[in-house]
1. Taking only pairs six or more apart or across chains, which ones have beta-carbon atoms under 6 Å, a first residue in the range 115-139 that is assigned by TED's automatic domain parsing to the domain that holds F102 and over 25 Å from G27 (Cβ atoms), and a second residue that is of a type outside the set (F, W, Y) and surrounded by 13 or more Cβ atoms within 10 Å (Cβ to Cβ)?
2. Which numbered condition trips up A228, out of (1) exposed (fewer than 13 other Cβ atoms within 10 Å of the Cβ); (2) among the hydrophobic types (A, V, I, L, M, F, W, C); (3) without any contact (Cβ under 8 Å) to a residue 12 or more places away in the chain?
3. Which of the residues belonging to the range 206-226 are of a type in the set (A, V, I, L, M) and either touching a Pro at 6+ places or on another chain (Cβ under 9 Å) or closer than 18 Å to F127 by Cβ (or both)?
4. Mind telling me which of the residues R238, R265, R279 ends up being surrounded by 16 or more Cβ atoms within 10 Å (Cβ to Cβ) and touching a Gly at 6+ places or on another chain (Cβ under 6 Å)?
5. Could you identify the single residue in P109, P119 that is surrounded by fewer than 12 Cβ atoms within 10 Å (Cβ to Cβ), at pLDDT 85 or above, assigned to a loop (DSSP other than H, G, I, E, B) and on the phi < 0 side of the Ramachandran plot?
6. Is there a residue being assigned by TED's automatic domain parsing to the domain that holds M135, buried (at least 20 other Cβ atoms within 10 Å of the Cβ) and either out of contact with any Phe, Trp or Tyr (no Cβ under 6 Å at 6 or more places or on another chain) or free of Cβ contacts under 8 Å to residues at least 60 places away in the same chain (or both) anywhere in the range 283-290?
7. Among what's in the range 153-177 and is assigned to a loop (DSSP other than H, G, I, E, B) and under 18 Å from S241 (Cβ atoms), pick the residue that is nearest to the chain's Cα centre (by Cα).
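The values are calculated or read from the model by the stated rules, or taken from the named source; none is laboratory data. These figures come from a predicted structure and were not determined experimentally. Cβ atoms come from the backbone with ideal geometry, glycine included; neighbour counts cover every protein chain shown.
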Amino acid sequence: MDQLHLISVFVAVVDTQGFAGAARKLGISPPAVTRAINELEGQLGVRLLTRTTRVVRVTEPGARYAEDCRRVLSDLEQANESVTGMHGAPRGRLTITAPVLFGGRYVMPIVTEYLRRYPEVSVACMFLDRVVNMMDEGVDVAVRIGELPDSSMQAVRVGQVRVVVCASPDYLAQHGTPQAPEDVRMHQIVVARGSLQAPEWRMQRAGEPYVVKVQPRLLTTSNDSARAAALDGYGLARLLSYQVADQVRDGQLRIVLADFEPPPRPIHVVHREGRNASRKARAFIDMAIERLRTGTSLN
């Protein structure tokens, strides 16, 4: 087989952590992926991957080789872009993902600015309150909130958000303002999450982790509906600071227990193409980093 095809298949297996994922990404059959990996390992005389019936892991030589192969593939893409006149102007389709409220508030203005600047690019936005598998779902750039797991993705930190407990002034006037984490047990609680199990609010006391188990009277799967309930004066809601920034500024919501908040959660722009990203991705990444780092409620 062609060497370029072999290394493309190998990199796809490493990135998707499996033969089936690589086959879906490349649009070929799983047996074709297996043949390509076997041929590549035979040519090199080195085991690149360790395979079992349930998992595929890259070996130490394989990890080093994968990085070298990514550079080769990126250099080739850059060369193709340059010779076809694409190097000066991004072109093609870019897919991005972000949490729902964050996407609407912060990412969409970046997207529209990007589209105005680069008329030969189209963008597909996946604003979802779940972690999208970038490889399986063909996502080029993601905005993640929270600590990142170890992966082959590239990440640039652009800010942080607080985890806040808030309520409407009317609710606090009627039910009182909690002064310590355990006081929340005496209040009506609104929780946004996908599980029906009793959640835990992780907070801090004197710099040490402190966990409060709460029994929500209102459980919902979306952050905007939890915010709406808090605005309606129903109870205490625990959300990210950007999700209630406008309402806190306007006095519609009030943050309580600020002295017991856990450490802020980082915000990263994540991509899978390394520093030699395609022109369309690089242009968006650079713009997103610049705009998000200047967001007044993200620092």
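1. Filtered contacts from the range 115-139: Y118/P90; F127/A98; F127/V100; F127/G103; D129/P99; D129/V100.
2. It fails just one condition, (1).
3. We begin by selecting, within the range 206-226, every residue of a type in the set (A, V, I, L, M); these are 206, 211-212, 214, 218-219, 226.
If the condition is that a residue be of a type in the set (A, V, I, L, M) and either touching a Pro at 6+ places or on another chain (Cβ under 9 Å) or closer than 18 Å to F127 by Cβ (or both), then V211, V212, V214, L219, A226 are the ones that fit.
4. Working: R238 fails: touching a Gly at 6+ places or on another chain (Cβ under 6 Å); R279 fails: touching a Gly at 6+ places or on another chain (Cβ under 6 Å).
Criteria check complete, one pass: R265.
5. Values: P109 fails: assigned to a loop (DSSP other than H, G, I, E, B).
Within the list P109, P119, the selection yields P119.
6. There is at least one residue in the range 283-290 that is assigned by TED's automatic domain parsing to the domain that holds M135, buried (at least 20 other Cβ atoms within 10 Å of the Cβ) and either out of contact with any Phe, Trp or Tyr (no Cβ under 6 Å at 6 or more places or on another chain) or free of Cβ contacts under 8 Å to residues at least 60 places away in the same chain (or both).
7. Restricting attention to the range 153-177, the residues satisfying the condition of being assigned to a loop (DSSP other than H, G, I, E, B) are 153, 162, 168, 176-177.
Retained after the next criterion (residues that are under 18 Å from S241 (Cβ atoms)): 162, 168.
On the way: R162: 17, S168: 30 Å.
Per the criteria, the residue is R162.
Listed here are the residues, each with its yes/no results for (1) farther than 19 Å from G138 by Cβ; (2) in contact (Cβ under 8 Å) with a residue 60 or more places away in the chain; (3) touching a helix residue (DSSP H, G or I) at 6+ places or on another chain (Cβ under 9 Å).
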position: V9; (1), (2), (3): no, no, yes
position: V13; (1), (2), (3): no, no, yes
position: A32; (1), (2), (3): yes, no, yes
position: G42; (1), (2), (3): yes, no, no
position: P61; (1), (2), (3): yes, no, yes
